[in-house]
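The values are calculated or read from the model by the stated rules, or taken from the named source; none is laboratory data. Since this is a predicted model, take the numbers as computed values, not measurements. As a convention, Cβ positions derive from the backbone with ideal geometry for all residues, glycine included, and neighbour counts pool all protein chains shown.
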């Protein structure tokens with residue numbers, strides 16, 4: 001059976017075009033012939049466990065389709081629903097503190113960027129919007145990274161590590177990192193631990209967070225081989241700086257994760 | 001390919017990766033070392049959101065996407081009326097009726113080209129987001145008033161942008177200025 005859903009148009013580097021995840025494509029196909037009111041009833045569901053829940057990627061598809069409508073009725077309803085989904089997705093990205101002027105500015109800039117892509121798409125197909133039909137929540141987060149690059153500054157994390165640095169730098173930081181790595185945990189604890197660890201990493205200063213993520217990705221802190229990438233090279237800093245950031249981050253992570261790290265080690 | 005479009009393509013591909021594991025980050029960093037910092041930032045964001053999705057089953061109650069403050073509305077109204085209207089029409093090299101049409105909510109918001117929204121927003125000192133919200137609200141009021149009037153409602157009073165422009169009877173110079181305006185893509 002021919003696929004009635006128009007494919008995405010963003011080109012893959014190796015040729016061809018990106019595709020929506022199979023699950024999203026199937027849901028779009030299943031919803032394509034639903035009466036609009038039924039579609040909207042499903043779009044309003046908030047519980048992801050509900051079998052009728054529609055992921056945001058599906059809503060973006062149907063919102064984009066309204067570009068050929070000759071009234072704003074469907075556009076207006078779907079626009080509000082998608083914007084609510086986007087707001088929810090971005091809420092934790094900016095830590096929810098709307099009192100903070102910089103966070104408010106970031107939040108608004110991210111939404112503005114999405115609306116610009118959307119309105120551009122209504123004039124002529126905007127490939128940059130395709131990613132919202134592939135991975136909506138990630139695409140929303142990428143808006144944050146984009147906007148922070150534009151704004152050229154960091155929005156402080158919700159949990160601020162203001163505690164004085166009084167402890168000794170742990171000598172065996174590398175051993176501690178092995179303990180901290182989720183892969184060192186029993187499989188049944190990994191999900192919970194990953195969440196705790198990611199929250200802790202999120203509270204680190206950017207330069208320490210990057211070092212930790214690169215270490216967990218298996219990038220060496222330094223390398224004698226000039227042809228082999230090291231964190232020091234990638235971040236354009238001295239190997240000693242990388243070690244200092246690593247040690248400082250490890251100390252904070254152990255402190256934040258508390259006894260669990262000790263117990264699990 | 002421009003440097004910007006290359007970066008966008010790399011970020012797009014990274015965002016679309018089905019499995020956001022440390023190995024994925026490593027692969028991309030080694031392939032695009034000049035983007036290592038930004039890729040690591042993206043990785044962190046994706047790791048956070050993927051974990052959120054694993055534990056947050058129910059989305060919280062809906063809330064407004066943003067706040068349209070009185071200040072935003074005042075700025076837009078000032079840009080679309082009185083001296084603002086005249087100055088804006090001059091700046092756009094278009095007849096005042098063009099701006100007045102937006103002031104009077106004659107245009108279907110979803111049909112307004114991005115370039116027009118962006119330019120009007122720039123003039124008012126607000127974003128596209130606020131312009132669109134303003135026009136949607138104004139169109140809603142216009143529709144409501146039409147249905148409250150003693151006469152038969154005329155929803156056609158809110159026109160598609162293309163019909164609105166066609167009815168303006170633009171000169172060739174104005175049509176050229178409008179084409180320029182419409183085709184500005186609103187990039188940052």
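Some observations on this one:
- Among the helices (runs of 4 or more DSSP H) confined to region A:12-85, the ones with at least 1 residues that are in contact (Cβ under 8 Å) with a residue 60 or more places away in the chain are located at A:22-31, A:56-65.
- The listed residues are A:64, A:20, and the only one of them that is within 21 Å of residue A:121 (Cα to Cα), within 21 Å of the chain's Cα centre (by Cα) and more than 9 Å from every other protein chain (Cβ to nearest Cβ) turns out to be A:20.
- Only residues that are over 16 Å from the mean Cα position of the chain (by Cα) and surrounded by fewer than 20 Cβ atoms within 10 Å (Cβ to Cβ) were counted in region A:194-210, giving 3.
- Residue count, region A:185-220 (criterion: outside any helix (DSSP H, G or I) and either modelled with pLDDT of 85 or more or within 8 Å of another protein chain (Cβ to nearest Cβ) (or both)): 7
- All positions within region A:228-246 that are within 11 Å of chain B (Cβ to nearest Cβ) and surrounded by fewer than 12 Cβ atoms within 10 Å (Cβ to Cβ): A:236
- Taking (1) under 25 Å from residue A:144 (Cα atoms); (2) at pLDDT below 85; (3) more than 19 Å from the chain's Cα centre (by Cα) in turn, residue A:96 satisfies each apart from (3).
- The residues listed here are A:115, A:58; of these, the one that is within 23 Å of residue B:14 (Cβ to Cβ) and surrounded by 18 or more Cβ atoms within 10 Å (Cβ to Cβ) is A:58.
- Hits in region B:85-97 (condition: assigned to a helix (DSSP H, G or I) and touching a residue at least 40 places away in the same chain (Cβ under 8 Å)): B:92, B:97
- Summed over region A:37-47, residues that are touching a strand residue (DSSP E or B) at 6+ places or on another chain (Cβ under 7 Å) and either surrounded by fewer than 15 Cβ atoms within 10 Å (Cβ to Cβ) or at positive phi (or both) total 1.
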